[in-house]
Structure formats: structure tokens, C-alpha cells
Amino acid sequence: MTPWGVYVHVPWCRARCPYCAFAIVPEAGPAPWRPYVAALSREWARRAPAFPGRPDTLFLGGGTPSRLPPAAIAEIISLVRPVPGAEISAEANPDDLDDAWLHGAMHAGVTRVSLGVQTLQTAAARRLGRAHTLAQASTAIARLAAAPLASWSVDLIFAVPGQTLAHLDADLDAILSANPPHVATYGLTIEPGTAFARATARGSLPAVADTRWREMYDRIVARLAEAGLPRYEVSNFARPGHRCRHNEGYWTDRPYAGLGPGAHGYAPDGARWSNAAPLSAWQAADEPGGTAASPLPRQAAIDLLVSGVRGLDGVSTARLASRTGLRCDPDVVALLVAGGALQDRASHLTLAPGGYPICDAVVARLAGALQPAQ
């Protein structure tokens, strides 16, 4: 049996950030978690028969999992029953990550924390609508650095309107001074339906030039590599032994059970599902979660390319053919290789250094070049 993981979507946040399009529920007070965990239990009872054995990774994402008390996290871990030594990750925001929460989460079984700092610059933090103060962010980073966790990570957003290279360097300086084992970086994307999308339509949010985006991305890659954090996926950088095993599962075609409102899942038999996003609808259902169905070969091939090309190991051409009966047109692959965007080595399609910043375009070109493998 191929190892598999579990993703649990925790929907609560103190407020919705203007760039966020995820399924969240703004909640200023304590999260009403007991009915939510009961609904998770019902969904897991329905999903578990498709997943033989026990998971070796569990990822609590959101939303803001640190809005849950450690008692709720302990119940979720007990429900899913990961194998001994499993990687158990929880996302957290700096304003929640005090000593009591961190020690409680570790006692519950969390081995890895991903901290949503996003920026340590005042102007950018205000523009991004972050609820924490810069002092809280610095304190939270220091707290994680001192904690006996197996690993931890810091999230950073770049290409924020008004951000300069000097601002980015200051963020990197502050983060790297804590010697993090893992860093995840994301270029700001304007998602439909968000406050930023509405501001862009009104003309009140200035666009960041593609050249500035590329300049910032290249700066991040170079500085993190110099600091001992090489890139292992388009947006993820880690010291040896500190890659996020759960996220690597997405990029290497491992099954995962996605639980909670708005979660997606991928069963070992190839079936996929997407849960209803509203918490109330998902929670009230007798059997939370949508119906799983296997995608048609072309969609399965696109799914494999979208997730797999991003990672360091790329996509096995033999696996693509055996799973879907399709391959990418060799002439198109050759053009991407000649253009410095792709590498075709050891029967794997992997990004070349020049392909990482334009990964979406490379994947779109490969998806458009699918043909029968015969």
C-alpha cells in the first residue's frame, strides 16, 4: 500500500484577509469546535474504508488551526490515528502562538508547526490585513526556534503592492536570523471574489509588474539557497531532513483523505472528491462530504501534471502513461527543454531552473500537448 496522508481543514480565522479565497469562517471568539469535530468523525467513518492501514502524515490547515484549543487537536489526532512517528503538522498565526498553545499542541501530538507570518514590514502587514503585530510575529518565530519540535516553517508573501526589494531583504534577514529549517514563500495572487479582486477592479490596488515579481522570486531563491535552504518545490525551501512530508505527498501522487468544509481528497483507487465549502452545510449533513468519482483519463493526466511538475522529482512519464494512457507530445517537450523551462531526464519531466518562475505556463503547455501514449 502506498503511504497516504490526511488533510483536515479548520475553517476559523479571526478575520478574512483581503487576499484570501479559502473556505473560512471569521470568528473573533473561541472556535465552536465540538460540533465540528463530531462532523469530522462522521466524515472519517465514511472515508476511512477507502484508505487501508493508517496515515503517516496529518496536516491541519485552514483557516487557522491555532484557533483550536489543544484539546480539540488531540481529539482530531486520536480520531485519525496516524502511525507512530508520523509527521503531524499544524498551521498557526503569530497572535495565537503563545507558550500555552504551543506546549499543548505538542503534548497533543503535533510535531511540526507552519507559522503564517507573511511579512515583518508594517506597511505590507497592514495592506495584507494581518491580525498580528510585528512584535507577536518576531516572538512567535523565536518561540518556535526554541521549541523541541521535529521541524517548523515560516510562510512569507512577496510581490505585495508597494513592497520593494529592500523590504523583501529585511523580511528575509529577520526570518533567517532565527535559522528556520523550512520556509514557504508565495507571490501574492489576486483571487476572484476577494477584497483584493474588488480593489483591483476599482483601480485602487496597484498591480505589481511581472518583472518585479520575477526579481523578488529570484532574490528569495538565491538568498535561501545561500542560507542552506535549497528549493524542493516552486514555493518551498528546506534544510536536509526538513521537507514537509505531507506536502511532498501531493507532488508525488500519493493519496490523501481531505476532511472538513471545502477540503479535497484523493483515494488510493484514484477517486477524487470535493467537499461543500460552507461550514454549516458540511456540518449539518448526515454524511459530511461530497461523492467521490474517478476522473476521466485526460483530467487525471492534468491533475498529475499540475501537482507533480511543481516538485523537485517531477512526473514520471511511465507513470503518466500507465495511469492515464496518455503522454506529452515529445516535440512539445523538446521545445520546452530547448527553451530552458523543462528537463527530461531519467524518464521524468522536471522543471529546469528557468521553468520554476513560469511553472503554471509550463504545466499548461504540457497539458495542452497530451496525446495517446501508443
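Going by the conditions given, is residue 158 touching a helix residue (DSSP H, G or I) at 6+ places or on another chain (Cβ under 6 Å) and surrounded by 21 or more Cβ atoms within 10 Å (Cβ to Cβ)?
Working: touching a helix residue (DSSP H, G or I) at 6+ places or on another chain (Cβ under 6 Å): yes; surrounded by 21 or more Cβ atoms within 10 Å (Cβ to Cβ): yes.
So residue 158 passes the test.
Which of the residues belonging to the range 294-352 are free of Cβ contacts under 8 Å to residues at least 40 places away in the same chain and acidic (Asp, Glu)?
Once the filter is applied, which keeps residues that are free of Cβ contacts under 8 Å to residues at least 40 places away in the same chain and acidic (Asp, Glu), the range 294-352 yields 303, 331, 344.
Against the definition (in contact with a Pro (Cβ under 8 Å, 6 or more places away or on another chain) and surrounded by 15 or more Cβ atoms within 10 Å (Cβ to Cβ)), how does residue 194 come out, yes or no? Full working, then the answer.
Details: in contact with a Pro (Cβ under 8 Å, 6 or more places away or on another chain): yes; surrounded by 15 or more Cβ atoms within 10 Å (Cβ to Cβ): yes.
Judged against the criteria, residue 194 is a match.
Looking only at the range 348-360, decide whether some residue is acidic (Asp, Glu), exposed (fewer than 15 other Cβ atoms within 10 Å of the Cβ) and closer than 30 Å to residue 12 by Cα. Spell out how you get there, then give the answer.
Our first condition is that a residue be acidic (Asp, Glu); within the range 348-360, this holds for 360.
Checking the rest, the ones that are also exposed (fewer than 15 other Cβ atoms within 10 Å of the Cβ) come to 360.
This time we only want the ones that are closer than 30 Å to residue 12 by Cα, so: 360.
Yes: one or more hits.
Tell me, which residue of the range 163-198 that is of a type in the set (Asp, Glu) and assigned to a helix (DSSP H, G or I) is nearest to residue 247 (Cα to Cα)?
171
Looking at the range 6-33 only, could you name the residues that are outside any loop (DSSP other than H, G, I, E, B), in contact with a helix residue (DSSP H, G or I) (Cβ under 8 Å, 6 or more places away or on another chain) and not hydroxyl-bearing (Ser, Thr, Tyr)?
So the first thing to find is which residues in the range 6-33 are outside any loop (DSSP other than H, G, I, E, B), and the list is 6-10, 12-13, 25-26, 33.
Cutting the leftovers down to in contact with a helix residue (DSSP H, G or I) (Cβ under 8 Å, 6 or more places away or on another chain) gives us 6-8, 10, 12-13, 25, 33.
Correct list: 6, 8, 10, 12, 13, 25, 33.
For residue 168, are the conditions met, namely being surrounded by fewer than 22 Cβ atoms within 10 Å (Cβ to Cβ), in contact (Cβ under 8 Å) with a residue 40 or more places away in the chain and at negative phi? Before the answer, list the steps.
On the way: surrounded by fewer than 22 Cβ atoms within 10 Å (Cβ to Cβ): no; in contact (Cβ under 8 Å) with a residue 40 or more places away in the chain: yes; at negative phi: yes.
It is false that residue 168 is surrounded by fewer than 22 Cβ atoms within 10 Å (Cβ to Cβ), in contact (Cβ under 8 Å) with a residue 40 or more places away in the chain and at negative phi.
Residues to consider are 298, 365, 319; find the one that is surrounded by fewer than 16 Cβ atoms within 10 Å (Cβ to Cβ), over 20 Å from residue 256 (Cβ atoms) and among the charged types (D, E, K, R).
On the way: 365 fails: surrounded by fewer than 16 Cβ atoms within 10 Å (Cβ to Cβ); 319 fails: over 20 Å from residue 256 (Cβ atoms).
Only one candidate passes the filter, namely 298.
Give me the pairs: first residue in the range 206-225 and under 15 Å from residue 160 (Cα atoms), second residue β-branched (Val, Ile, Thr), beta-carbon distance under 6 Å, and six or more apart or on different chains, which are they?
Hits for this filter: 220/185.
Please find, among 221, 160, 208, the residue that is of a type in the set (Val, Ile, Thr) and under 30 Å from residue 240 (Cβ atoms). Break it down into steps so the answer makes sense when it comes.
Working: 160 fails: under 30 Å from residue 240 (Cβ atoms); 208 fails: under 30 Å from residue 240 (Cβ atoms).
None of the others qualify; the one that does is 221.
Readers should treat all values here as calculations from the given coordinates under stated rules, not as data from a laboratory. Values in this document were obtained by computation on a predicted structure and should not be read as measured data. Methodologically, a virtual Cβ is constructed for each residue, glycine included, from the backbone with ideal geometry; neighbour enumeration extends over all protein chains shown.
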